[in-house]
Protein chains: 2
Amino acid sequence: MRDLSADSELRHLSLNTATVRKQGDLLEILSAAGRHGISCVSPWRDQVQAVGLDKAVRAVREGGFRLSGYCRGGMFPADAARRAEERDDNRRAVDEAAALGAPCLVLVVGGLPQFSRPGSVPIRDIDLARDQVEDGIGALAEHAAAAGVPLAIEPLHPMYAADRSCVNTLRQALDICDRLDPDGALRLGVAIDVYHVWWDPEVYDQIARAGAGGRIHAFHLCDWLVPTKDLLNDRGMMGDGVIDLPRLRRAVEAQGFDGACEVEIMSDHLWSRPMDEVLATMIDRYRTVC
Amino acid sequence: MRDLSADSELRHLSLNTATVRKQGDLLEILSAAGRHGISCVSPWRDQVQAVGLDKAVRAVREGGFRLSGYCRGGMFPADAARRAEERDDNRRAVDEAAALGAPCLVLVVGGLPQFSRPGSVPIRDIDLARDQVEDGIGALAEHAAAAGVPLAIEPLHPMYAADRSCVNTLRQALDICDRLDPDGALRLGVAIDVYHVWWDPEVYDQIARAGAGGRIHAFHLCDWLVPTKDLLNDRGMMGDGVIDLPRLRRAVEAQGFDGACEVEIMSDHLWSRPMDEVLATMIDRYRTVC
């Protein structure tokens with residue numbers, strides 16, 4: 001297990017730019033990250049679009065940043081009228097990830113079609129949504145492989161099953177990988193976010209399975225607060241919650257994962273604090289509690 | 001599958017008294033239930049204690065009510081200093097259930113000890129909490145069997161893993177049943193609440209497993225709202241959310257379950273409405289969307 005307390009150069013830390021999305025645009029976030037010695041980031045698509053892809057690519061290059069991922073493709077479930085929109089949108093996400101040099105495109109796969117692609121005919125059939133997810137990933141996988149952008153399915157916590165992701169466990173995500181990409185040639189894999197998987201009684205078995213298949217593309221950190229006051233935007237800074245972060249990191253690294261510890265925290269509280277304060281706290285916690 | 005639309009006498013409906021807990025005490029709730037032709041209820045322990053066990057027993061008997069369960073025992077994880085308190089508390093819950101004639105005691109098993117039994121030394125080890133749950137159920141099971149009160153483990157949604165229940169899937173609950181009560185002699189079983197299990201990719205397989213083992217002790221209804229604004233008290237009236245209720249009921253009844261459809265809705269919104277309005281809506285939805 002890597003000793004993060006000794007990582008003076010923050011070689012294994014990545015800032016997911018959603019963590020400080022309310023404090024500045026992508027260029028301001030990159031500038032702040034640079035000030036704090038952070039050299040790895042994972043930008044969100046809307047933040048890239050807000051400044052323009054070309055400008056984002058240039059800022060990443062000129063700032064000397066590496067990427068740990070690009071957030072996000074997905075939202076596959078859609079009714080027939082919105083299918084082409086979904087397919088085009090996801091191919092563009094892959095192309096943007098390639099332009100930015102991202103090592104993977106994180107997939108938040110979507111829930112029921114009416115939430116995944118608004119305007120779609122409402123249904124209650126989550127199994128159908130799951131089928132649509134698998135079809136969508138299948139339709140995207142070759143384009144992604146050709147672009148050199150591995151797809152990373154991120155299972156989301158079951159509380160998002162209806163509206164954000166009907167893939168809710170690592171087992172589900174890995175089952176999809178195994179069906180669509182049995183030999184690993186398409187480089188389908190998973191993004192493991194502690195927030196979404198920490199509760200799962202199977203999490204350690206499935207981390208081992210993911211590792212054995214070479215499918216761990218990303219590892220995301222934050223914490224689960226008690227009480228959690230909001231389903232979406234009350235995630236915690238590492239150390240402020242109840243997740244056994246070192247045990248999860250140890251399990252992931254035991255599989256040979258040597259990628260970044262990417263800090264992704266959606267939090268109304270943290271978004272209300274100055275960007276430099278959040279980054280300083282994040283670096284401190286990265287070194288002391290993860 | 002039973003035809004609820006034809007159930008003019010509401011023979012298969014039960015009112016979990018938490019659904020209208022803010023509108024009156026247990027005696028007022030029983031009185032309102034009677035007015036609406038509801039003859040089956042599932043009371044909560046704090047509501048029983050508020051009016052006194054003897055008075056509650058008398059009101060149930062004189063009102064001609066059946067029970068579909070008693071909510072709730074559990075909260076097993078505790079540090080050593082609080083172990084005896086937990087054991088005593090749960091034996092009393094069994095005795096109250098027996099006095100009330102409840103067909104099962106629903107177990108909400110608890111999360112980490114510091115939340116399950118406040119004052120316990122805080123830990124982050126959810127596996128240890130899970131071991132303590134199993135030890136606690138094991139310690140209670142013979143007393144419950146002797147009292148004629150089957151224990152019904154209710155897996156709670158994973159969003160409650162930290163503070164309310166570290167048993168989060170039917171698979172987990174049934175694994176505990178199988179380990180502690182392999183031959184069914186102790187009548188360990190499960191309470192299946194659609195709110196907690198609807199998202200689970202394994203739910204139908206595990207319902208079949210529960211049925212095969214004779215372990216379905218209770219079936220609870222409400223709905224999952226989108227958006228859900230509060231983790232605890234924003235559950236939906238049946239039909240207002242996204243759960244495929246008929247499919248889940250069909251699966252449970254296909255296993256031979258002929259107990260009550262117990263409506264349990266914790267909702268700040270519904271608690272703000274008049275009791276008679278909530279009960280009338282509940283009866284209408286029971287007949288039309290479940």
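A single member of B:163, B:183 is in contact (Cβ under 8 Å) with a residue 12 or more places away in the chain and either within 29 Å of residue B:112 (Cβ to Cβ) or not in a helix (DSSP H, G or I) (or both), and it is B:163.
Just one of A:239, A:256, A:214 is assigned to a loop (DSSP other than H, G, I, E, B), under 18 Å from the mean Cα position of the chain (by Cα) and on the phi > 0 side of the Ramachandran plot; which is it?
Details: A:239 fails: under 18 Å from the mean Cα position of the chain (by Cα); A:256 fails: under 18 Å from the mean Cα position of the chain (by Cα).
The unique qualifying residue is A:214.
Residues in region B:186-211 that are under 30 Å from residue B:148 (Cβ atoms), touching a helix residue (DSSP H, G or I) at 6+ places or on another chain (Cβ under 8 Å) and outside any helix (DSSP H, G or I): B:186, B:187, B:188, B:189, B:190, B:192. For region B:215-244, the set of residues classified as of a type in the set (A, V, I, L, M, F, W, C) and more than 22 Å from residue B:153 (Cβ to Cβ) consists of B:225, B:226, B:237, B:238, B:242, listed by residue number.
Could you tell me whether residue A:251 is under 22 Å from residue A:187 (Cα atoms) and either touching a strand residue (DSSP E or B) at 6+ places or on another chain (Cβ under 6 Å) or surrounded by fewer than 18 Cβ atoms within 10 Å (Cβ to Cβ) (or both)? No, not satisfied.
Looking across region B:151-177, the residues that are surrounded by fewer than 24 Cβ atoms within 10 Å (Cβ to Cβ), within 13 Å of residue B:206 (Cβ to Cβ) and either at pLDDT below 95 or within 10 Å of chain A (Cβ to nearest Cβ) (or both) come down to B:171, B:172, B:175.
Go through B:133, B:109, B:94, B:121 for me and flag whichever is touching a His at 6+ places or on another chain (Cβ under 8 Å) and touching a residue at least 40 places away in the same chain (Cβ under 8 Å).
Numbers: B:133 fails: touching a His at 6+ places or on another chain (Cβ under 8 Å); B:109 fails: touching a His at 6+ places or on another chain (Cβ under 8 Å); B:121 fails: touching a His at 6+ places or on another chain (Cβ under 8 Å).
After applying the criteria, what remains is B:94.
If only residues of region A:132-150 that are of a type in the set (Val, Ile, Thr) and assigned to a helix (DSSP H, G or I) are counted, the one that is farthest from the other protein chains (Cβ to nearest Cβ) is A:137.
Residues in region A:235-290 that are within 14 Å of chain B (Cβ to nearest Cβ) and among the small types (Gly, Ala, Ser): A:236, A:239, A:241, A:251. Condition check for residue B:220 on (1) within 14 Å of chain A (Cβ to nearest Cβ); (2) in a strand (DSSP E or B): one failure, at (1).
Restricting to region B:106-131, and then to whatever is more than 14 Å from chain A (Cβ to nearest Cβ) and either under 18 Å from residue B:189 (Cα atoms) or among the aliphatic types (A, V, I, L, M) (or both), can you tell me which residue is surrounded by the fewest Cβ atoms within 10 Å (Cβ to Cβ)?
Of region B:106-131, the ones more than 14 Å from chain A (Cβ to nearest Cβ) are B:106-108, B:117, B:119.
Checking which are either under 18 Å from residue B:189 (Cα atoms) or among the aliphatic types (A, V, I, L, M) (or both) leaves us with B:106-108.
Numbers: B:106: 30, B:107: 31, B:108: 21.
If we take residues in region B:106-131 being more than 14 Å from chain A (Cβ to nearest Cβ) and either under 18 Å from residue B:189 (Cα atoms) or among the aliphatic types (A, V, I, L, M) (or both), then B:108 is surrounded by the fewest Cβ atoms within 10 Å (Cβ to Cβ).
Among the candidates A:201, A:227, single out the residue that is within 9 Å of another protein chain (Cβ to nearest Cβ), touching a strand residue (DSSP E or B) at 6+ places or on another chain (Cβ under 9 Å), surrounded by fewer than 22 Cβ atoms within 10 Å (Cβ to Cβ) and not hydrophobic (A, V, I, L, M, F, W, C). It would help to see each step written out before you state the result.
On the way: A:201 fails: touching a strand residue (DSSP E or B) at 6+ places or on another chain (Cβ under 9 Å).
Being within 9 Å of another protein chain (Cβ to nearest Cβ), touching a strand residue (DSSP E or B) at 6+ places or on another chain (Cβ under 9 Å), surrounded by fewer than 22 Cβ atoms within 10 Å (Cβ to Cβ) and not hydrophobic (A, V, I, L, M, F, W, C) holds for just one of A:201, A:227, which is A:227.
The residue of region B:132-150 that is surrounded by the fewest Cβ atoms within 10 Å (Cβ to Cβ), among those that are farther than 17 Å from residue B:82 by Cα and touching a Lys or Arg at 6+ places or on another chain (Cβ under 7 Å), is B:143. Taking region B:57-109, which residues are in contact with a Ser or Thr (Cβ under 9 Å, 6 or more places away or on another chain), within 17 Å of residue B:142 (Cβ to Cβ) and acidic (Asp, Glu)? Matches in region B:57-109: B:86 only. Residue A:93 passes every criterion in (1) closer than 20 Å to residue A:165 by Cβ; (2) aliphatic (A, V, I, L, M); (3) at pLDDT below 95 apart from (3).
The values are calculated or read from the model by the stated rules, or taken from the named source; none is laboratory data. Keep in mind the model is a prediction, meaning the values are calculated, not measured. A quick note on method: Cβ atoms are made from the backbone with ideal geometry, for glycine too, and the neighbour counts reach across all protein chains shown.
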